[in-house]
Amino acid sequence: MTTPHPQSHGKNDPGTTGHSWDGIEELNNPLPKWWLYTFYACILFALVYTILYPAWPLPGGETAGVLHYSTRGAEAAEVKAWDKQLAPLQKKLDATKLTEVKNDPALMQYANSAGAAVFRTNCMQCHGAGAAGNKGYPNLLDDDWLHGGTIDAIYTTILHGVRSPTDPDTRAAPAMPAWGESLKPVEIADVVQYVLKISNQKFDAAQATAGAKVFADNCVACHGDNGKGNQAMGAPNLTDAIWLYGGDQATLTQTITNGRAGVMPSWSGKLSEADIRAVSLYVHGLGGGQ
């Protein structure tokens, strides 16, 4: 058993705390002064902070602090200041025809910056951060538009949506019906082969010939005689390589059998007029606008 060393061996010897483990002794050195002063400074800072700023939780809230500072209040004040600064541009954007905004470089720059912010906050969840879309959500970068890609058409779509249940002025485009309720499986299989044919994919010639009649009897009313679609009805072009849900045989069979009824929400009442106009200009300028 090791005998503890005495507390001190001399004037400059710190001695030990009296503890010893396997011959290892714990010295009784004082804390460094810089560390000690820093510790005291932290305590003083904490006391001053709790007096000046909100700090202590109470049943009805928290202590307000002498300065009555609020991070939410500071943020609200900053937002208000920016709104005041941008108000003239927003007012000008509201009053300028969308087709003429491009003639004002400063206004167009503001619209693109504001529209990008609106898009990242409200639109990228469906259309993607780069606006390239996802399955069931249109790509906004190409030249294929179900309801038109002019600036006015894009504005109307964003403002009122498509088949939006909350907006009486929404684009009431007919949904893709579920043909499985009225066509026989063989007829669906035939018309799928016909769609594969007109979209320049591999197809069965005999089935495609039979499917042409099924298409003429049931599909031309929306998609047109040549299958190139109808923007007035939101009917897609079936002859290109752009597909909202997919253009392979299995997906086409599912689409024709069960139908499709996508919804674009109406942003009227959710976004300000200036924000809707700004994001319309932003989307139009991404490269796919007509």
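Every read-out reported here was derived from the displayed coordinates using simple, explicitly stated rules and does not represent laboratory data. Small disclaimer: the values here were computed from a predicted structure and weren't measured. Cβ: placed from backbone, ideal geometry, glycine included. Neighbour counts: every protein chain shown.
A few comments on the model shown:
- Of all lysines in the structure, those lying under 27 Å Cα to Cα from residue 33, and not within fewer than 8 positions of it along the same chain, are 11.
- Cα centre as origin, Lys/Arg/Asp/Glu Cβ charges: the chain dipole, Debye: 460 debye
- Rounded FRET efficiency, nearest 0.05, which uses the C-beta distance separating residue 79 from residue 228 and R0 of 45 Å: 0.40
- Cα-based shape type of the stretch 38-104, given that a ≥ b ≥ c are square roots of the gyration tensor eigenvalues and the cut on a/c is 1.5: prolate
- Taking Cα atoms only, the orientation of helix 71-95 departs from the longest principal axis of the chain by about 30 degrees.
- Candidates 25, 187, 75: whichever shows maximal mean-square fluctuation once the chain is modelled as a Gaussian network with Cα springs under 10 Å: 25
- A Förster radius of 51 Å, combined with the Cβ-Cβ distance separating residue 126 from residue 21, puts the computed FRET efficiency at roughly 0.20.
- With 31 Å as the limit on Cα-Cα distance, the pairs of 97/135; 135/184; 84/135; 228/270 that go past it are 97/135; 84/135; 228/270.
- Computed label-point distance, nm, for sites residue 37 and residue 178 using a 7 Å Cα→Cβ extension: 8.0 nm
- Averaged over residues, the count of other Cβ atoms within 10 Å places the peptides 51-63, 209-221 in the sequence 209-221, 51-63, highest first.
- For the chain, the mean residue ellipticity at 222 nm estimated from helices alone is -14500 deg cm²/dmol, where every DSSP H run of n ≥ 4 contributes -39500 (n - 2.57) and the total is divided by all residues, rounded to the nearest 500.
- Most to least packed among 191-198, 224-231 [average Cβ atoms within 10 Å]: 191-198, 224-231
- Couplings for the stretch 46-57, taken from phi via the Karplus curve 6.51 cos²θ - 1.76 cosθ + 1.60 with θ = phi - 60°, read 4, 5, 5, 4, 5, 7, 7, 10, x, 8, 8, x Hz in order; Gly and Pro are left as x.
- Note on residue 92: aspartates and glutamates with a C-alpha under 19 Å away, same-chain residues under 8 apart excluded, are 83, 100, 104, 152, 273, 275.
- Between 0 and 90 degrees, the angle of helix 205-218 with respect to the longest Cα principal axis of the chain falls at about 90 degrees.
- Highest-MSF residue in the chain out of 70, 272, 280 [GNM, Cα springs under 10 Å]: 70
- At R0 = 25 Å, FRET efficiency that the Cβ-Cβ distance of residue 250 and residue 216 yields, to 0.05: 0.55
- Rg/Rh for the stretch 179-258 stands at 0.92; both radii use Cα atoms, and Rh follows the Kirkwood definition.
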